[in-house]
Amino acid sequence: MSCERYWRDGIVLVERGLGDPHRDGCEDCARAHASRQELIDALPLIGADVTGDPFWQAKVWQVIDGPARAPRRWQWQLAGALAAVSAIVLWIGLDRTRPRDVRPRVEVVETGPQRRSGAPHVGDQLHVFAGETADVWIYRNGRLVLQCGAHQVSGDSAGCVRAPEHMVVDHVLKLPGEYRVIIILAPFALPSSRKLDDDLAALVSAGVRYVDERRSVY
Amino acid sequence: MAMWKNPGEAAGQAVHEDDETAGQIVQEEDEIRAALGADDTRRALTLMMNRFGDEVFRFAYAVTRSRHLADEVRQQVFVEIYRDLASFAGRASLRAWVLGITRHRCLDATKKQRRWTNRFKNDPPDDEESDDHELEREVDRSRLAKILAACLAKLAPAARDAVVLRYHQDLSYDEASAVAGDHAGTLQQRVARALPVLRRCVDARLHAGRAR
């Protein structure tokens, strides 16, 4: 801090975008100004080498698509507590093990420029929402590209986010081709042969329910 | 006064975006507005996450100094954006809106963190100066960034936000004013008062590091 005048008055002029004639004739103030510039140049470095959770977008969708959370204001919490006491009374005797009905669905979210046709393109995101006990197998041109779910996790499970009551799968459509999303609703594990036709045949012969969605990507 | 090693490198990051990048940003924001106009909120949110996700994370990290909190803030911000997309219609700046929400969530996160720290009497996480070996080395970018982040955390929240918006997020004072809800002149004063404090803090930490 060689120039108190600069740090007291000169810096205010600089922040306001005004000139400071004193600085031109004062070596100490010029040095102080250079020191301020170093500080400002270094500020963008904060966090530059820090990366966040790579699956944060899937988690955002998980919160949005998941069950609504209770409001946090105290009066609502109080009302909630009263309601909970009433609910517990009603709950006793009911079947508490019944799983929630989370209807599976498949969406393609466009990420590039808006297009006239609704057909998915390379780079779009496949967004699968399924129940906690479901398994999701995604194929491209008949070959398994992503497998995740309650019963098994393949090595390539990036994009699968599981929660206690549901599961969200985000998958970027990197290549053109025909994508098939199989959401298996079996309460037990089934192995995948990694080939669509074989897996479908196995599902049919096992008699399990499944959802089959098809998306052609251009 | 400490002289730092790499002002030139850092200055290269702070320059304004070139025309091509600026054009791309305008195009991305047009796409977001088009999706909003078509009531396609899911597409709008996806585009906004792609456009502003990193920026929100870095802002939150600069304010909270915690990767975990920054991730949490980012998630909350985009959930809130999705919920309030309808209320955005007609506002001038998407970026100011997004950063305004981020700023509020960061304030909540830092308050929560402070309450937690006070309750359990934990010291706030210290910076990397405990690494004695590193003190022998030159001041590198990463270390400087950590020291700056630690010094930023010691500023009053209003001053810290003003500095981060102006010089970390590279907003003009008018843009920062739209985010913070304060007059541009007030922000200029805050930054002018905060920078000498920041400078003293950084110098002291660098000096202490070399003295050990």
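Close amide H partners of A:Tyr210, meaning residues 5 or more places away or on another chain with modelled amide H under 5 Å apart, are A:Leu185.
Evaluating 6.51 cos²θ - 1.76 cosθ + 1.60 at θ = phi - 60° for every residue in segment A:18-28, the Karplus couplings come out as 9, x, 9, x, 4, 5, 4, x, 10, 5, 4 Hz, glycine and proline recorded as x. Nearest 0.05, what FRET efficiency do A:Arg103 and B:Ser142 give at R0 = 35 Å with Cβ-Cβ as r? According to the calculation, E is roughly 0.15.
Remark on A:Thr111: its backbone amide H falls under 5 Å from those of A:Asp124, A:Gln125, a criterion applied only to residues 5 or more positions apart or on other chains, H modelled at 1.01 Å from N.
For chain A, the gyration tensor built on C-alpha atoms gives an oblate shape. Its axis ratio a/c (a ≥ b ≥ c) is at least 1.5, and a/b is not larger than b/c. The HN-Hα couplings worked out from phi for segment A:76-87 by the Karplus form 6.51 cos²θ - 1.76 cosθ + 1.60 (θ = phi - 60°) are 6, 5, 5, 4, x, 5, 4, 5, 5, 4, 4, 5 Hz, whole numbers, x standing for Gly and Pro. Going from the residue with the fewest nearby Cβ atoms within 10 Å to the one with the most, A:Ser216, A:Ser117, B:Ser93, B:Ser66 rank A:Ser117, A:Ser216, B:Ser93, B:Ser66. Amide hydrogen proximity for A:Val172: with H placed 1.01 Å from N in the peptide plane, the residues at 5 or more positions away or on another chain lying under 5 Å are A:Leu126.
Taking 56 Å as R0, compute the FRET efficiency from the Cβ-Cβ separation of A:Trp74 and A:Glu27 and round it to 0.05. After rounding to 0.05, the efficiency reads 0.40.
3J(HN,Hα) couplings calculated from phi for segment A:172-184 with the Karplus curve 6.51 cos²θ - 1.76 cosθ + 1.60 (θ = phi - 60°) are, in sequence order, 7, 7, 7, 10, x, x, 9, 9, 10, 10, 10, 9, 9 Hz; Gly and Pro show x. Taking R0 as 35 Å, what's the FRET efficiency between A:Leu82 and B:Thr41 from their Cβ-Cβ distance, rounded to 0.05? In this case the efficiency is close to 0.55.
Read-outs throughout are calculated quantities, based only on the coordinates presented, and are distinct from any laboratory measurement. Keep in mind the model is a prediction, meaning the values are calculated, not measured. With ideal geometry, Cβ positions are generated from the backbone for all residues, glycine too; neighbour counts draw on all protein chains shown.
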